[in-house]
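Step one of this worksheet: look at the structure below.
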Amino acid sequence: MADRIRVGVVGAHAERGWGRNIHLPALRALNDFQVTAVAGTTAASARAAAEVWGAERSYDDARALMADPDVDLVTIAVQLPSRDGLVEAAIAAGRHVYSEWPLAPDAATAERFESAARAAGVRHAVGLQSRHHPEVRLLREVLAQGLIGEVLSASLLYSLATPEVWSTRYAALFDETKGVNHLAVVGGHSLDMFQYAVGEFTEISATLATRIDRITMEETGEPIEVTSPDQIVLAGLLESGAAASAHFMTGGPRGDGFRIEVHGRTGRLVLVSSDDSLVGPRFTLTHTPANGSPARQLTVPDAHRPLLGTPSPVSNVAQVYTDLARAIRTGDDFGPDFTTAVRVHRLLDAVRSSAGSGRRVRLNRVAGPRGRHPTSPV
């Protein structure tokens with residue numbers, strides 16, 4: 001492999017999209033990587049993207065990009081419904097893979113991807129970058145250090161304002177069969193961030209409800225039926241034995257974003273976001289000790305400062321790339337990877353199962369590291 005890891009990007013649009021707005025500036029900021037090739041839906045769109053991304057080669061066939069001997073890592077920046085076997089193809093071509101979240105429609109498929117990557121000896125990452133918010137990393141650290149003693153309970157509340165008129169580009173968000181609905185996207189990103197800080201669920205009970213049952217397509221004015229849930233509620237126990245709950249509220253004119261509250265024997269920690277952005281808010285972490293002292297805001301230490309200087313989705317994605325580069329070169333464990341994705345997909349599958357059956361569901365522990373980063377406690 002060359003000194004710089006050569007990246008081929010599938011879904012490298014010239015003007016818009018998560019890849020253009022997040023992956024491109026993250027990769028440009030890192031000396032470990034060089035964008036070598038891009039793939040688009042047509043030859044013309046691929047050429048336009050190559051110019052913007054600074055790539056030498058462009059393809060209108062993603063599998064041709066994967067066969068390029070000058071590509072070491074394939075970034076798959078297209079939505080799940082449009083992937084058509086791209087993750088498996090990249091692994092089969094012997095390329096390292098960074099796939100956007102969700103990795104798969106369900107845990108069984110994610111497990112197959114993880115097994116295939118392990119058998120092929122390629123490294124893999126998944127786009128669950130919200131765990132790299134500085135205050136989230138700090139919350140994980142101070143809990144591990146015992147700042148509030150034994151954790152008794154933890155809760156996650158997330159409210160998101162959602163309009164009732166949407167572009168057709170987002171229609172899949174409201175279809176429970178597409179794998180990119182609110183449970184998968186909002187629930188997946190948020191629950192990974194929550195579990196990264198407080199520990200993993202071992203059993204849950206869940207309720208799903210669809211309260212906004214119709215939305216309107218902006219381009220056509222056509223109403224479509226909503227089949228995916230906009231209210232997601234789960235409660236259960238963490239691996240530590242602590243009680244935990246999460247409630248995702250989407251819909252309505254205004255959301256207040258995240259609130260994570262952790263109660264311990266000797267104090268309380270509260271993490272609050274600045275707005276209702278799913279992946280891009282600023283956070284404030286406060287500590288209230290049990291001795292009657294007032295709450296105080298915790299300062300983020302240098303070890304958890306954002307990689308690119310300012311807290312942002314770009315910085316969080318850049319951290320995933322940086323840790324992936326280290327793993328490729330050293331063989332070290334890191335996360336979020338496909339093993340991380342399997343854990344989150346299993347939890348989401350358990351939510352669906354519990355909501356459908358009305359029964360409590362136990363989760364099996366997934367072998368492997370908890371996606372630790374170099375500055376996190378083991």
Hey, any hits in region 52-59 for a residue that's β-branched (V, I, T), crowded, with 24+ Cβ neighbours inside 10 Å, modelled with pLDDT of 95 or more and not in a loop (DSSP other than H, G, I, E, B)?
-> no
Does region 295-307 contain at least one residue that is within 19 Å of the chain's Cα centre (by Cα), farther than 19 Å from I260 by Cα and assigned to a loop (DSSP other than H, G, I, E, B)?
-> yes
Selection from region 263-280 of residues that are touching a residue at least 40 places away in the same chain (Cβ under 8 Å), within 25 Å of L237 (Cα to Cα) and either open to solvent by less than 60 Å² (accessible area, probe 1.4 Å) or touching a His at 6+ places or on another chain (Cβ under 7 Å) (or both) = G264, G267, L269, L271, L278
Which ones in region 114-158 are closer than 27 Å to E88 by Cα, among the small types (G, A, S) and touching a residue at least 40 places away in the same chain (Cβ under 8 Å)?
-> A117, A125, G127, S130
G8: passes all of (1) part of a loop (DSSP other than H, G, I, E, B); (2) in contact (Cβ under 8 Å) with a residue 24 or more places away in the chain; (3) over 20 Å from the mean Cα position of the chain (by Cα) but (1)
Would you pick out the residues in region 329-360 that are open to solvent by less than 30 Å² (accessible area, probe 1.4 Å) and either aliphatic (A, V, I, L, M) or over 18 Å from the mean Cα position of the chain (by Cα) (or both)?
-> A341, V342, V344, L347, L348, A350, V351, S354
Within region 139-173, restricting attention to residues that are of a type in the set (V, I, T) and assigned to a helix (DSSP H, G or I), which residue is most open to solvent (accessible area, probe 1.4 Å)?
-> T168
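Working only within region 242-274, note down all residues that are of a type in the set (D, E, K, R) and at pLDDT 95 or above.
R259, E261, R265, R268
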May I ask you to list the residues in region 206-216 that are among the basic types (K, R) and either surrounded by 14 or more Cβ atoms within 10 Å (Cβ to Cβ) or within 26 Å of the chain's Cα centre (by Cα) (or both)?
-> R211
Exclusive hit being of a type in the set (A, V, I, L, M) and part of a strand (DSSP E or B), set V279, V262 = V262
Would you check if V317 is buried (at least 16 other Cβ atoms within 10 Å of the Cβ), of a type in the set (V, I, T) and in contact with a Lys or Arg (Cβ under 7 Å, 6 or more places away or on another chain)?
-> no
In region 202-216, how many are touching a Leu at 6+ places or on another chain (Cβ under 9 Å) and either part of a helix (DSSP H, G or I) or under 14 Å from R352 (Cβ atoms) (or both)?
-> 5
Identify, from the list E176, E219, the residue that is open to solvent by 40 Å² or more (accessible area, probe 1.4 Å), under 27 Å from R362 (Cα atoms) and not in a strand (DSSP E or B).
-> E176
Does region 222-252 hold any residues that are open to solvent by 40 Å² or more (accessible area, probe 1.4 Å) and assigned to a loop (DSSP other than H, G, I, E, B), and which are they?
-> E222, T227, E239, S240, G241
Within region 282-294, how many residues turn out to be polar (S, T, N, Q) and part of a loop (DSSP other than H, G, I, E, B)?
-> 2
If a residue has to be at pLDDT 95 or above, farther than 20 Å from A325 by Cα and open to solvent by 30 Å² or more (accessible area, probe 1.4 Å) to count, how many in region 62-84 make the cut?
-> 3
Does Q129 satisfy the condition of being surrounded by 15 or more Cβ atoms within 10 Å (Cβ to Cβ) and closer than 22 Å to V198 by Cα?
-> yes
Residue that is surrounded by the fewest Cβ atoms within 10 Å (Cβ to Cβ), among those in region 11-38 that are under 14 Å from Y321 (Cβ atoms) and free of Cβ contacts under 8 Å to residues at least 40 places away in the same chain | N31
Any hit, region 298-313, residues being open to solvent by less than 10 Å² (accessible area, probe 1.4 Å), at pLDDT below 95 and in contact with a Pro (Cβ under 6 Å, 6 or more places away or on another chain) = yes
Would you check which residues across region 86-121 are assigned to a loop (DSSP other than H, G, I, E, B) and more than 20 Å from the chain's Cα centre (by Cα) and list them?
-> A93, G94, R95, G121
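The values are calculated or read from the model by the stated rules, or taken from the named source; none is laboratory data. Source: prediction; values computed, not measured. Don't worry about glycine lacking a Cβ; one is built from the backbone with ideal geometry, like all the others, and counts go over all protein chains shown. Just so you know, the surface numbers come from the protein's heavy atoms only, side chains and all, with ligands and any DNA or RNA stripped out. Shrake-Rupley method; radii C 1.70, N 1.55, O 1.52, S 1.80 Å.
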